[in-house]
1. Looking at the square roots a ≥ b ≥ c of the eigenvalues of the Cα gyration tensor of the range 65-197, which shape do they give, rounded for a/c under 1.5, prolate if a/b is larger than b/c, or oblate?
2. Within the range 539-576, which residues have the backbone N less than 20 Å from the label spot 7 Å out from Lys586 along Cα→beta-carbon, could you tell me?
3. Which FRET efficiency, nearest 0.05, do Asn339 and Gln218 yield, Cβ-Cβ r, R0 35 Å?
4. Among DSSP beta bridges lying fully in the range 107-229, give the percent that are antiparallel, nearest 5.
5. Quick check: residue separation of Ser41 and Asn608 times 0.36 nm, minus the Cα distance between them. What number comes out in nm?
6. For the chain, what is the accessible area per residue in Å² when the probe is 1.4 Å?
7. Given a Förster distance of 60 Å, report the FRET efficiency between Val562 and Lys466 from their Cβ-Cβ distance, rounded to the nearest 0.05.
8. Cross-link partners among aspartates and glutamates for Lys632, C-alpha distance below 12 Å, same-chain residues fewer than 8 apart left out?
Amino acid sequence: MNKLPFVFLFFYNFTFSQVNNSIIPKPTYQKNEKSIFHLSSNTSILYSDELKFESSFLIKTIHQQTGISLKNNLENNNKIILIVDTTSKIEKEAYELKIESNQISIKSSHAHGVFYGIQTLIQMLPLQKSETILLANTTINDKPKFKWRGMHLDVSRHYFTPVEVKKYLDLLAFYKLNTFHWHLTDDQGWRIEIKKYPKLTDIGSKRKGTMVGHYNAQKIDSIAYGSYYSQNDIKEIVEYAKERHITIVPEIEMPGHALAAIAAYPQLSCTGEKLEVGTKWGVFDDVFCPYDSTFTFLENVLDEVISLFPSEYIHIGGDECPKIRWKSSNYCQKLIEKNKLKDEHGLQSYFIQRIEKFVNGKGRKIIGWDEILEGGLAPNAAVMSWQGTSGGIAAAKQKHDVVMSPGSHCYFDHYQGNPEYEPLAIGGHTTYKKVYSFDPIPKELTKDEEKYILGAQGNVWTEYMKTFKHVEYMVLPRIAALSEVVWGTSNPAELKNFESRLLHHFNFYEYYNYNYSKAIFELSTKVSANNTRDGVLFNLQSVEPEIKYTIDGTDPDKNSKVYVSPLNVKNSQTIKAAYFKNGNQKSAILEQKFFVSKSTGKSIQLKNLPHENYATDGPSTLVNGIKGNPEKYGNNWLGFSGKDLEATIDLGKPTDINSVALNFLKSEGSWIYFPTQVEIWDSNDNKNFVDSKNVTRDEVYAYNGVLVINNLNINSRFIKVIAKNNGIIQEGKPGAGSKSWLFVDEIEIH
């Protein structure tokens, strides 16, 4: 029997406010009283037939946590009452929870709300055996802000068992999330049984090998990998989710990310070539060809999918679809001409609209990644905005429903702590603090347009997550921050309050053997300009006292200097720090190397801002004295999507300059390219610039991106550095037709 891990551990100390104020997501209204309720084996639980699961769930969880067995449906003077009042004005997912001296009542107009009230009550209970539990009297009136409160899980890159998927659903339920976006198909594996097309699982669910290490290394093992969910598995998981008031939205990728399906049925591609299931990550050129027979195939697949999933929405992907095969296909070109489409992007819109018409005919709606905006949005489609928020804004302004899921705040496959100490990830740097700061409603929308924002979700892409334990680590505790965002009670100004509640939830994770990130205990750092002296100020923070540090490269100990204010860094050096409590080191040692040059800490302006997914601390990242790690580009790098770097540094006064150094990344599989040209310009008035040096693409490649431009011999106040983006990726390369990325780190001037 599975454990029911919906509980929150603390060691009871009769501090009622501490117990009642550790709820995540934070209730919209809560008032605590001084009296208490005694929960014991004399407590009965009363409920109606429609709440059989909810009552059973609560009975089992209370017994599991405390050892207390409730009396089932026996009226007495010490009781828990679960109430569905269909005449109530309480919204479907809202609830009222009252803990009084002689009873606890949870009331809603629907079982959904009662279940969420139960989750709140469970978070108030201890995880310790006791004959009597004392609960502070409290009144909670609570309701969510957003309709779509979701988490995503990719099972194509790595498969997770039905038991593990249920454990994932447990976490969603605990944090009152109501949507599970299940990414079932992709290039690297087809994971759902389709009875009409058995080769999808016989062939498409299996690959000959898997990438080892980061994509950049381009290493593939020879270990066969594959599995899938039978339709019985699906039905069982759907029912498990339904009991917990979670809707599962299945994703069947199209027209791109289709290599696993094409490997099983080659006639679905434009070439008909026999291909294998993908062993690499990334994007593949072979996509579904828009033959009538392909649509027949997809409609038959969707027929079976729709019969298994009762969700309002069916996710059809629609992202990262290279057009190279369509461009070279006579059939596709004739189809474009026949339907008077503008180009291949118009053909993608045609593809999506044809699928939408079929899905709508089944009484369902489609939702897709924001690329479905390309060529024109299907009439009734909802958009999941992942490439920032601009796609969501555009869709909302067109009166289409939107789920916000930007990579900058909602991609849980990014690093969440210092990449130096984290398990290997794709890149990025998304802390729980960043998740907590997210507002799903963009300021660009009018009040009328805001109503199209359904909510938000966190995405878990599993290229680098081989085990479910790793998935847990990447999700926890960021899912807690997201839950408060979509419940509508997050407040960046109250981050410390959230952190205090989150620390209590760590006890729950440990008690139930969940693997979670402890990045909250890492020292957080911030580098800022020093307005009075050269160099920068190095700020350190911790959730605990006290921080000790060294500046000579040795490890700090209990006798090291105590950090009391930002450190002035004006020379190249290595600072090490850790936080201590009662003389004992409590955190990992933070090691930060500084490379101080004439540009360090100086004012810098960028003509083009970096992409929000890779913005780190903005323009100052390039002059903070810290170099990015080329192996883990989750921090201290700026990433520009399709844009040039044009940075102007103000040295404050005319300065002798001999050299300028900066680093670039290249990972063509991730669409990251070296610049085509680097230019150095100088000026003393920030208006009239002189071209000091040009470096060609060949020279950048010769230096492997580690560029040092010597012998400048100039005396100027302003230095402008221009690095030309590679532009649109050429055909034959991964991501052909898409914008190239340009990654840059520290600009050093000597």
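The values are calculated or read from the model by the stated rules, or taken from the named source; none is laboratory data. Keep in mind that this is a model prediction, so the values were computed, not measured. Heads up, the Cβs are rebuilt from the backbone with ideal geometry, glycines too, and the neighbour counts pull from every protein chain shown. The protein model used for the area step is the full one, side chains on, heavy atoms only, and it has no ligands, DNA or RNA in it. Shrake-Rupley method; radii C 1.70, N 1.55, O 1.52, S 1.80 Å.
1. It comes out prolate by the Cα gyration axes.
2. Within reach of a label on Lys586: 539-550, 556-566, 576.
3. Values: r = 40 Å, r/R0 = 1.13.
After rounding, the FRET efficiency stands at 0.30.
4. Close to 50 percent.
5. Extending this stretch completely gives an extra 197.6 nm.
6. Using a 1.4 Å probe on heavy atoms only, each residue of the chain averages 40 Å².
7. FRET efficiency, Val562 to Lys466: 0.90.
8. Output for Lys632: Glu420, Glu422.
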